[in-house]
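Every number in this text was worked out from the coordinates using simple rules, so none of it is lab data. Quantities reported herein were computed from a predicted structural model and do not represent experimental measurements. Here Cβ is always computed from backbone atoms with ideal geometry, including for glycine, and neighbour counts include all displayed protein chains.
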2 protein chains.
Amino acid sequence: MSSSSTFEPLVVLQFSSTIPDVTKEWVIKRLTASQEENDGADLLVRYDMDPESHNNILLIGATLHRLLIGAEELRIKKPYKQKTLREFLVSDIDHFDNSENPTNFLLKSEKQRIIWEEMQVIRPLEHEHFVPGFPTKAITPENDTILGLLRDMDFIVSIFPLHDKEDIKLIEHDWFMSKDSLFKSQDIHKVRNYFGENVAYYFAFLEFYTKALIPTALLGLILSFWPSSDFFKYSTFCIFNVIWWSIFIERWKRVSITLAYQWGTLDLQVFERPRSLYYGDLHRSPVTNQQERRYPTWKRSLKKYLVTYPITMFCLALTLWIYFTYYAIQKKTEKTYPLDKSIYLPRAKVMRLAPSIGYSLFVVPLNMVYKKLATYLTNYENHRLQSGYENNLTSKLFLFYFMNCFIGLFYEAFFNANYGNVAQLLTAFVIINAILLKFTEQIGPYIFKRVKKSQLVVNRAPTDAKVSDAVKQAKTLTPFEGTYSDYLTIFEQYGYVALFSAVFPWVTICALINNIFELRADAFKYCYVYQRPFAQPAWNIGSWHYAFDILSLVAIVTNTALIAMQPSVREYFSSYTDAEYILFFVAAEHVLLALKFAISFAIPDIPHEVQIAKAKSLYESNQALRRERERKALKAQESIMKS
Amino acid sequence: MSSSSTFEPLVVLQFSSTIPDVTKEWVIKRLTASQEENDGADLLVRYDMDPESHNNILLIGATLHRLLIGAEELRIKKPYKQKTLREFLVSDIDHFDNSENPTNFLLKSEKQRIIWEEMQVIRPLEHEHFVPGFPTKAITPENDTILGLLRDMDFIVSIFPLHDKEDIKLIEHDWFMSKDSLFKSQDIHKVRNYFGENVAYYFAFLEFYTKALIPTALLGLILSFWPSSDFFKYSTFCIFNVIWWSIFIERWKRVSITLAYQWGTLDLQVFERPRSLYYGDLHRSPVTNQQERRYPTWKRSLKKYLVTYPITMFCLALTLWIYFTYYAIQKKTEKTYPLDKSIYLPRAKVMRLAPSIGYSLFVVPLNMVYKKLATYLTNYENHRLQSGYENNLTSKLFLFYFMNCFIGLFYEAFFNANYGNVAQLLTAFVIINAILLKFTEQIGPYIFKRVKKSQLVVNRAPTDAKVSDAVKQAKTLTPFEGTYSDYLTIFEQYGYVALFSAVFPWVTICALINNIFELRADAFKYCYVYQRPFAQPAWNIGSWHYAFDILSLVAIVTNTALIAMQPSVREYFSSYTDAEYILFFVAAEHVLLALKFAISFAIPDIPHEVQIAKAKSLYESNQALRRERERKALKAQESIMKS
């Protein structure tokens, strides 16, 4: 176990206290074993010195050379000759920018990702048939990874890269700490350098969406004071929204691809590495001609169509059933306890609230159960790529949350036509979204962390030095669980904005104000509440893009319907028969739908400069292949001539 | 002028009789000049020996070596080591299949295309400032090509590759000559080898579409005899059609991509060569770093938005206006000449036909003018790539023909609700389509050709040998003008099938029968009526795909509306109010639209094996680039060590 002065701890592996020393030693041996001889990870490890760590916190680093080799293997791209990004090659290091300072050549987040990728694929040696210390825990050397085995046995509390206070200080001022940061664009590249592409995409999207809210919010504000007929107001706002949000979605595609190009992740779609949890038999890859795991597609399809889709459908049906049961009970209660001026009024008021409270109490845990179930089912589908995995998980969550968030609003708006209730519900949701969720999600954990931190300090003898970073982060920060819940929050909000805005334009204004703070609160959360996430490559926001697109499409239907259902609008068209009135709005809706498609067709998905860059890289590699083939052919001819 | 015994005439250049000999000689000089010294095309040429050619028919060929170099330049792909297709490299020829027989290594269509591409880019020498023989015709050496100059001066009648009787005999038996060929799939690869990808895609699509008609035609037949309510019949057929044609479109994408993969044109999207008619200033390409012409995109956009789109819109409006004028006159005539049993009955009947006849007489030339105009406008837009050019031309034609073919039907069906008329119109269109067009398009020219041929023979002294192939083809065959009109014919037919089939299922049956013959008649036309087309690379059917997709989308709307408008269906729902009835059908329509999108989303566009092949080729060229960079870096290090 090396503890040289140059050791830089990058990643923390927190064992549970139940793990015996012999198993720990075995893990450390595999992590530090050299790559060539023992097929190890060739990493540097050290126990944290802090007594608080109880020797369960392992700090992991690597030599510079090891990291550079890892960067080459992962095809990490770095700036080359101050012009383009190129896949890093150890032998070609001199041509890369900043290579004169090798320790800072790789970003800390890149180093951490390299170590993480290496750790994940480490397997037991071929002669090891059981986990040391546990003769009953058999090993299948082909399939089991060290980390997989430890997770099976619940020996790992968490694995996370260390936050870097210096680096955070560099970004936090402009991002969320200063007052004027509220009205400033983020430096998304700094965010990407610290958190990786996956998280950076979330923040880029949130900012892009927030900015897109400004014109709609302004128009909503103007229209609500404009002296005109309701029909004019509603339809202007509706038409504007259809055009605006269609452009928004298309523009985002372009922004998203430009970012992927700037970050060098554009061709990762093809070269994406399999997930470490992906299992399957070993086969020769038809692409790279190397050994790789393969799980038959038909098996995955079978699992999807026979297991996960039916279960998802069942959950959706269950949600619907619960909602309508709640609704029926609510109606019944309202009948049983009328709001007359009787002496029972206070009791009636309480009783009328009971079903809603009961419903909320029921729905929140149900949502959590569904999220776990969706994760479990997506794991079960055994996706090869992280992107495929996330897209499938997102779709499941999307469907469910769509039902859950909007079913009540839909029912009130379109079946009961009770706009008082819709307005009330919208207010409630927006406020809950803005205050309650923010509290439970962000401020809650932060207070929790403070309390824990003070406990850490209290438990310690005053003579001791300060608590080590690794221990602090392991004990006080919340493990990072992906960007899903953050996307879901925006998605839900966009739902309120898009689906009902024609009639309730003030929702947009609330959303705008909320998001300006939301972005900074989220930034704070990622820096100070969560453990640092591993930088995960990404080249778009995945299925969320479809989720937003579908919502915009549904919004056209709901908004025209909402407008048509307003009594003031019906009056405006009082000369029309019912049939004519409906046909008029159906025609308007079709025109808007066609408009949306025309816009999405007219705006090219890929900006011109990215298209050229793509063509260029394709051309260059194609030319290289050609030159290689020519060289080989010439060599073959020469050798024939000689003989 | 070489006339060696190995000269194989491949391409025919037919001069007009007005061209002076000095100009002809100049052209021939540029065509035969060597590439290195005089920047010529390095081709072989010979005047046709037939006296009938009057020395105006030039036969063009090339040495084998020249053709092989051309194949390398054009990145033509050939089978490599019996496994994959690879870009042809002269130095690597030994590894390609069939290279032991070099004369037949390249297909005749490939040789012809190589010559064609070379001919197109030949420019005058730098010191030539005017066309020999025409001191007033100045040359801009930067921009003018030899062929461009000749075309400007109307000196070219036609340029076409020679048909090959032997090759046609090899394909015609299975394709259209034998009786059982009617019910046999085409060998599309043979078609591609003879005509190139562009034409092959047309035939592949026509066959795929015809096969897709079988199930709908069968269901239509069964349903028309099924004892059940109209509503059941119509809605079953409609739902089936929505699902079936959505699958059809998605399946075609997959078939189309698979063909592109098998023909090696999949990556031509990126490496497509500019059109020879494309003009612009010389710039260094950001992709290949070589000199190339560039025309600013903003200029093209300006032309589109300020000139071509407004003109197109105006033409569309004009068509509408003409139709409604015709319609008004028709109504007026019907009033003026009532079909009562007066003595004027015969006269009334004739007068009532007059507007229709006038309309037809007016519309046919208008269509031809519009086609010319659309071609002119698309030329004017100056598209860089042939695919971009064709897509823009297709869109213009599509819009216009959509209006033109369907406006009458729409009007009768949805505004007049006159189903007798709709049925009559449909019958008329289908019959016109099947018989009249076939005659004018195919049988007409064929007879014309026979007549011309016999004239050729008659004019000749009986002692002379038979007429040369080149002369025969130049004088008797119709110049090939692209696949547009063929696609338009299927497109129009698909419109009748898709837009109105729920209520008139027999249209599908007619279409099926028609297409079985259509395919063979078209094949005959391409082999015996048209001059041979130059093989033009293609990787899909271009914008026609969108045209069919949009038609399927519109079909959902029209079919649900048609069903809803049937009196028998209204009766079936007699308990509904008008508003409820409309809402029911609107809801049904939305469900069908959603279904279509779900299907197009669920079926992946690229088949698995093609995806793997694409990833593989990307991986291989990427690896080659890596190896090259490593080699360069090592060399650089070595040279530093040495010094």
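Sum up the charges of everything whose Cβ sits under 14 Å from the Cβ of B:I188, counting Lys and Arg as +1 and Asp and Glu as -1, but leave B:I188 out.
In short, -1.
Which FRET efficiency value, to the nearest 0.05, is calculated for A:D174 and B:S600 with the Förster distance at 41 angstrom and r the Cβ-Cβ distance?
With R0 = 41 Å, the Cβ-Cβ based efficiency is 0.40.
Using only atoms on other chains, find how many Cβ atoms lie within 10 Å of each Cβ of peptide A:586-597 and report the average.
For peptide A:586-597, the averaged partner shielding equals 2.
Just the Cα atoms of chain B: what Rg and Dmax do they give in Å?
28.8, 114
Between 0 and 90 degrees, rounded to the nearest ten: what's the tilt of helix A:578-602 against the longest Cα principal axis of chain A?
Tilt of helix A:578-602: around 20 degrees.
Count charges around A:F584 for me, please; just the other residues with Cβ under 12 Å from its Cβ, Lys/Arg as +1, Asp/Glu as -1.
For residues surrounding A:F584, the net value is -2.
Listed highest first by mean packing, meaning other Cβ atoms within 10 Å per residue, what order do A:323-330, A:58-65, B:230-237 come in?
A:58-65, B:230-237, A:323-330
Taking loop as defined by DSSP and a crowding limit of 10 other beta carbons within 10 Å, which trypsin sites (Lys or Arg not before Pro) in region A:64-104 fit?
In loop regions of region A:64-104 (DSSP not H, G, I, E or B), the sparsely surrounded trypsin sites (Lys or Arg not before Pro) are A:K81, A:K83.
To test your reading of the geometry: what angle, between 0 and 90 degrees and rounded to tens, separates the Cα axis of helix A:345-380 from the longest principal axis of chain A?
Taking the Cα atoms of chain A, the angle to A:345-380 is about 30 degrees.
Evaluated at 4 °C with a viscosity of 1.567 mPa s, what Stokes-Einstein diffusion coefficient in µm²/s does the protein assembly as shown have when Rh comes from the Kirkwood expression over alpha-carbon pairs?
It diffuses with D of about 36 µm²/s by this estimate.
So how much slack lies between B:K184 and B:E37, counting 0.36 nm per residue of separation and subtracting their Cα-Cα distance, in nm?
Extra length available between B:K184 and B:E37 comes to 47.6 nm.
Which whole number gives the average count of other chain Cβ atoms within 10 Å of the Cβ atoms across peptide A:611-617?
Mean partner shielding for this stretch: 4.
Per q in 0.13, 0.15, 0.25 Å⁻¹, report the Debye log10 I(q)/I(0) for region B:476-536, using one uniform scatterer on each alpha carbon and no solvent.
So the normalised log intensities work out to -0.44, -0.56, -1.02.
What is the local net charge at B:S574, summed over the other residues whose Cβ is closer than 14 Å to its Cβ (Lys, Arg +1; Asp, Glu -1)?
For residues surrounding B:S574, the net value is -3.
With r as the distance between the Cβ atoms of A:L320 and B:T84 and R0 = 45 Å, compute the FRET efficiency 1/(1 + (r/R0)^6) and round to 0.05.
So the FRET efficiency works out to roughly 0.30.
Ordered by residue, what ³J(HN,Hα) values in Hz, to whole numbers, does region A:482-493 give under the Karplus form 6.51 cos²θ - 1.76 cosθ + 1.60, where θ = phi - 60° and Gly and Pro are x?
Rounded to whole hertz, the list is x, 8, 3, 5, 5, 4, 4, 4, 5, 4, 4, 5.
Over 27 Å between C-alpha atoms is what I'm after, so list which of A:K169/A:K475; B:K304/B:K371; B:K372/B:K475; A:K77/B:K78; A:K77/B:K632 land there.
Table pairs above 27 Å Cα-Cα are A:K77/B:K78.
Quick one: if you stick a label point 7 Å off each Cα along the C-beta vector at B:K304 and B:R284, how many nm between them?
Here the answer is 2.9 nm between the modelled labels.
Between copies, how close do the B:L282 label points come, placed 7 Å along Cα→Cβ, listed in nm from shortest?
5.8
Mind computing the radius of gyration and Dmax over the alpha-carbon atoms of region B:11-162? Å is fine for both.
Radius of gyration, then largest Cα-Cα span, for region B:11-162: 17.3, 57 Å.
Once the piece of chain linking B:K165 and B:S91 is laid out straight, how much longer is it, given 0.36 nm per residue of separation minus the C-alpha distance between them?
Once the chain is fully extended between B:K165 and B:S91, it gains 23.3 nm.
Once the principal axes of the Cα atoms of region A:328-432 are found, what is the range along each, listed largest first in whole angstroms?
Sorted largest first, the three principal extents are 65, 24, 24 Å.
Residue-wise, which Karplus ³J(HN,Hα) couplings in Hz belong to region B:394-400, taking 6.51 cos²θ - 1.76 cosθ + 1.60, θ = phi - 60°, and x for glycine or proline?
In residue order, the calculated couplings are 4, 4, 5, 4, 4, 4, 5 Hz.
Each label point is 7 Å from the Cα along the Cα-to-Cβ direction; what then is the distance between the points at B:T18 and A:V270, in nm?
5.1
Do the sum for the protein assembly as shown: with -39,500 (n - 2.57) for every DSSP H run of n ≥ 4, divided by all residues, what is the mean residue ellipticity at 222 nm, to the nearest 500 deg cm²/dmol?
Mean residue ellipticity, 222 nm, calculated: -20000 deg cm²/dmol.
Let me check against my output: what whole-number percent is the relative contact order of chain A, with C-alpha pairs under 8 Å and at least 6 apart?
20 percent.
On C-alpha positions alone, give me the angle between the axis of helix A:108-121 and the longest principal axis of chain A, in degrees, nearest 10.
80
How far is it, in nm, from the label point at B:E117 to the one at A:Y376 when both lie 7 Å from their Cα along the line to the Cβ?
Each label point lies 7 Å from its Cα, and together they span 5.9 nm.
Let's test the formula: R0 of 25 Å, r as the Cβ-Cβ distance of B:A423 and B:F584. What FRET efficiency results, to the nearest 0.05?
The pair B:A423/B:F584 has a calculated efficiency of 0.45.
Roughly how crowded by other chains is peptide B:282-291, in terms of the mean Cβ count from those chains within 10 Å of each of its Cβ atoms?
The per-residue average across the peptide is 3.
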